[in-house]
Amino acid sequence: MKSSNFMEVTFKAISINESFARLCVAGFCVQLNPSIDEINDIKTAVSEAVTNCVVHAYPKHNGVINLRCEIEGDCIKIVVKDQGIGIKDIDKAREPFYTTKPSEERSGMGFSVMESFMDKVEVEHNGDKGLVVTMYKQIASNAVQVSDAS
């Protein structure tokens, strides 16, 4: 039987909430029995997505970030959404080392990091304002088999 579940949280787009987002997603993913490497990959990707919102989406004021996780079978789908200023050229922004804030010593590797740790990453405009980053990760079956010990 395929399992299905979801959770959704909304929080203020401030840097301290990046660790909160990581822990929320990690805790939710536990039901899939991921490996330590898989959970670390997911946490790193979520950290990058949330940090992008905090740093780039709301340069003049604080906004909110919506985080949604969905489980279908052995796949986790993570959606990070903001209502910030958005990105004019998403393809350009996804190029390694591209940054709109070089004076702040940003590496421009956020999307590249997400793509390296997740199976698939989609980035799209959120209507008139903000972005939606959707990430997918297939979790390998780590189910512990219990045998009858006689």
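The values are calculated or read from the model by the stated rules, or taken from the named source; none is laboratory data. Keep in mind that this is a model prediction, so the values were computed, not measured. Quick reminder, even Gly has a Cβ in these numbers, built from the backbone with ideal geometry, and neighbours come from all protein chains shown.
Just one of the listed residues (Lys60, Lys43) is over 19 Å from Val133 (Cα atoms) and among the charged types (D, E, K, R), namely Lys60. Can you tell me which residue is surrounded by the most Cβ atoms within 10 Å (Cβ to Cβ) among those in the range 21-38 that are under 12 Å from the mean Cα position of the chain (by Cα) and among the hydrophobic types (A, V, I, L, M, F, W, C)? Result: Val25.
What do you reckon, is Val121 surrounded by 12 or more Cβ atoms within 10 Å (Cβ to Cβ), more than 22 Å from Gly73 (Cβ to Cβ), modelled with pLDDT of 85 or more and of a type in the set (Val, Ile, Thr)? Judged against the criteria, Val121 is not a match.
In a residue-by-residue description of the range 78-101, the property of being in a helix (DSSP H, G or I), polar (S, T, N, Q), modelled with pLDDT under 80 and over 17 Å from the mean Cα position of the chain (by Cα) applies to no position. A Cβ distance below 8 Å, combined with a sequence gap of six or more or placement on separate chains, defines the contacts here; from the range 107-121, residues that are under 16 Å from Ile87 (Cα atoms) and in a loop (DSSP other than H, G, I, E, B) reach residues that are polar (S, T, N, Q) and modelled with pLDDT under 90 in the pairs Gly108/Thr99. Could you tell me which residue of the range 8-20 is modelled with the lowest pLDDT, considering only residues that are surrounded by fewer than 19 Cβ atoms within 10 Å (Cβ to Cβ) and either over 13 Å from the mean Cα position of the chain (by Cα) or hydrophobic (A, V, I, L, M, F, W, C) (or both)? The selected residue is Ser15. Assess whether Ser116 counts as being more than 21 Å from Ile14 (Cβ to Cβ), at pLDDT 80 or above and not acidic (Asp, Glu). Answer is yes for this residue. Would you confirm whether or not the range 50-65 contains a residue that is at pLDDT below 95, farther than 17 Å from Ser112 by Cβ and among the charged types (D, E, K, R)? Yes: one or more hits. Within the range 59-76, identify whether any single residue is over 12 Å from the mean Cα position of the chain (by Cα), assigned to a helix (DSSP H, G or I), in contact (Cβ under 8 Å) with a residue 60 or more places away in the chain and surrounded by fewer than 20 Cβ atoms within 10 Å (Cβ to Cβ), and answer yes or no. No - not one qualifying residue is present in the range 59-76.
Residue count for the range 41-53, restricted to those that are surrounded by fewer than 21 Cβ atoms within 10 Å (Cβ to Cβ) and free of Cβ contacts under 8 Å to residues at least 60 places away in the same chain: 3.
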